[in-house]
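K.L.:
A single structure is presented below for examination.
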């Protein structure tokens, strides 16, 4: 279902005049709730000097003091992180920051398949045998009260840096650095895990280098890591996230990290314009693939190595993992679609829950996202092994998936997440009850809503004639795009498909489309099932306008996201 944009032409003209920008730009600003000249200016011109003071975190002083104590006493410090891109980049950032301060620092990343998410007893015991005195968590730990109690009983202190939602009881740690803690005065609640780690690193820089600027000393050298992790974690690209990613994309072009350079070469991005979309879709899947298939340490070694040759070897291996991941992803997605289409019960479900003992646990989140996008409703995918299922849920914006899952906590071994994504662990025999409860919760919460994929557009044109290079230049001012600042979607009715659309490998559609006097190439990813709609006659399209380069020639291409 395509929804045309809604905006006030009077407000658009007023904001356009005050900012001296095109009305199209003013419309996009208003849709982002940027209604004042100051707010719009801050958005269009992100600046590192507008970052908040890291000591606004109530426990930051305690965290810095404990790390300073460890440095003076030459204690071993271990950075304990999650296995996804956000966690891996956060570990790399703090390891390198502490190495800059001459710390004796180690790291630990759990095995996704054997240990699962977050702190584990196995991990704590392993770290204890290394003689570690202080553990600093990144992108995890805020719900690990029992594991942190174990660490304390073994004589280790713990500092938690995390961005996930907490639950009672809070862990008894030296410091809890999390913008989402109840009552936290920290202004920006939407930092990624690596973003929170950056704030700790920034506080350390201020204390040890006696500076109040994030643009001095070695810290900005790691904005490339902050950018990769933030884009991968799909947090809103507004506020501090926008500032960090905007600066980090520029730094990626001249990154001093051998691992980052090798990844850019392997993904084909080296020397090309750095955009949020390019990093999210071409680079982060390579890093994620290692964690999904059980080798997250490989990606971390890539970010920590100073050897060009080792970095190139590791990047090639990550690319190989990603090829395997894609094959698993596609096969399981196709199986799920087949099961849903063959089942009236599943087609009527307000919350899709599917499970199998044949699915690789590392791709449950990806497949859940695919199903959520295709069917316009929350989805939970579970991989079963030895009577226990582990999986991931993904949700539409109108539905708080963690709230739904929390109502089923009596059925679960473990769970966690946020509004749009969550992870669960459950006994196999409890899955039917979980499915029933989640469906009833979703039916109530989504009552009156049509469960179809909804595409909300930003700008409507009567034809394609207004789309030109000047338009694309304007759109670049809104980069970086991502969650909270999506790439603008154009809405154009009565588009004529020229010639015969081509169905490509992977279920993609390639075609040429005309409206008015203008014709463009168009690509529709994973929309092969809409081929007949294109053949039947004129269609309404929702699309992103993108620059495409082929054989040295640049042209405007439509990236189609909706067909009606």
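The values are calculated or read from the model by the stated rules, or taken from the named source; none is laboratory data. Keep in mind the model is a prediction, meaning the values are calculated, not measured. Positions of Cβ are generated from backbone atoms using ideal geometry, with glycine treated the same way; all protein chains shown enter the neighbour counts.
K.L.:
Before we move on, is residue 384 part of a strand (DSSP E or B) and crowded, with 16+ Cβ neighbours inside 10 Å?
P.N.:
Yes: the conditions hold for residue 384.
K.L.:
Still on this structure, I have one more. Which of the residues spanning region 310-333 are out of contact with any helix residue (DSSP H, G or I) (no Cβ under 9 Å at 6 or more places or on another chain) and either loosely packed, with under 13 Cβ neighbours inside 10 Å or touching a residue at least 12 places away in the same chain (Cβ under 8 Å) (or both)?
P.N.:
327, 330
K.L.:
It is to be established whether one or more residues within region 501-512 are under 30 Å from residue 163 (Cα atoms), outside the structural domain of residue 143 (by TED's automatic domain parsing) and surrounded by 14 or more Cβ atoms within 10 Å (Cβ to Cβ).
P.N.:
No, every residue in region 501-512 fails to be under 30 Å from residue 163 (Cα atoms), outside the structural domain of residue 143 (by TED's automatic domain parsing) and surrounded by 14 or more Cβ atoms within 10 Å (Cβ to Cβ).
K.L.:
If you take the residues of region 270-294 that are without any contact (Cβ under 8 Å) to a residue 60 or more places away in the chain and surrounded by fewer than 18 Cβ atoms within 10 Å (Cβ to Cβ), which of them is nearest to the chain's Cα centre (by Cα)?
P.N.:
281
K.L.:
Condition first: modelled with pLDDT of 95 or more, under 22 Å from the mean Cα position of the chain (by Cα) and either surrounded by fewer than 24 Cβ atoms within 10 Å (Cβ to Cβ) or not in a loop (DSSP other than H, G, I, E, B) (or both). Now tell me which residues in region 132-167 satisfy that.
P.N.:
137, 138, 160, 161
K.L.:
Please verify whether residue 480 is in a loop (DSSP other than H, G, I, E, B) and surrounded by 12 or more Cβ atoms within 10 Å (Cβ to Cβ), treating the condition exactly as stated.
P.N.:
Considered against the rule, which asks whether it is in a loop (DSSP other than H, G, I, E, B) and surrounded by 12 or more Cβ atoms within 10 Å (Cβ to Cβ), residue 480 comes out as yes.
K.L.:
Enumerate the helices (runs of 4 or more DSSP H) found wholly within region 221-273, keeping only those where 2 or more residues are touching a strand residue (DSSP E or B) at 6+ places or on another chain (Cβ under 9 Å) and under 20 Å from residue 478 (Cα atoms).
P.N.:
Per the criteria, 223-232, 239-252.
K.L.:
Further question on the same structure: Could you list, in sequence order, the residues of region 365-378 that are within 15 Å of the chain's Cα centre (by Cα) and either over 14 Å from residue 338 (Cα atoms) or surrounded by fewer than 21 Cβ atoms within 10 Å (Cβ to Cβ) (or both)?
P.N.:
365, 366, 368, 369
K.L.:
Determine which member of the set 49, 89, 35 is touching a helix residue (DSSP H, G or I) at 6+ places or on another chain (Cβ under 8 Å) and either in a loop (DSSP other than H, G, I, E, B) or at pLDDT below 95 (or both).
P.N.:
Being touching a helix residue (DSSP H, G or I) at 6+ places or on another chain (Cβ under 8 Å) and either in a loop (DSSP other than H, G, I, E, B) or at pLDDT below 95 (or both) holds for just one of 49, 89, 35, which is 35.
K.L.:
Moving on to the next point. Among the candidates 459, 474, single out the residue that is in contact (Cβ under 8 Å) with a residue 60 or more places away in the chain and crowded, with 16+ Cβ neighbours inside 10 Å.
P.N.:
On inspection, the qualifying residue turns out to be 459.
K.L.:
Could you check region 540-555 and list, in sequence order, the residues that are in contact (Cβ under 8 Å) with a residue 24 or more places away in the chain and over 15 Å from residue 489 (Cβ atoms)?
P.N.:
547, 548, 555
K.L.:
Any idea which residue in region 412-463 is modelled with the lowest pLDDT, counting only those that are in a loop (DSSP other than H, G, I, E, B) and in contact with a strand residue (DSSP E or B) (Cβ under 9 Å, 6 or more places away or on another chain)?
P.N.:
This residue is 453.
K.L.:
So which residues in region 491-510 are at pLDDT 90 or above, touching a helix residue (DSSP H, G or I) at 6+ places or on another chain (Cβ under 9 Å) and within 24 Å of residue 281 (Cβ to Cβ), if there are any at all?
P.N.:
If the condition is that a residue be at pLDDT 90 or above, touching a helix residue (DSSP H, G or I) at 6+ places or on another chain (Cβ under 9 Å) and within 24 Å of residue 281 (Cβ to Cβ), then 501, 503, 504, 508, 509 are the ones that fit.
K.L.:
While we're here: Going through region 390-411 one residue at a time, which ones are in contact with a strand residue (DSSP E or B) (Cβ under 8 Å, 6 or more places away or on another chain) and closer than 16 Å to residue 164 by Cβ?
P.N.:
392, 393, 394, 395, 401, 402, 405, 406, 409
K.L.:
Still on this structure, I have one more. May I ask you to list the residues in region 513-538 that are outside any helix (DSSP H, G or I) and under 25 Å from residue 334 (Cβ atoms)?
P.N.:
Those that are outside any helix (DSSP H, G or I) and under 25 Å from residue 334 (Cβ atoms): 522, 523, 524, 525, 526, 527.
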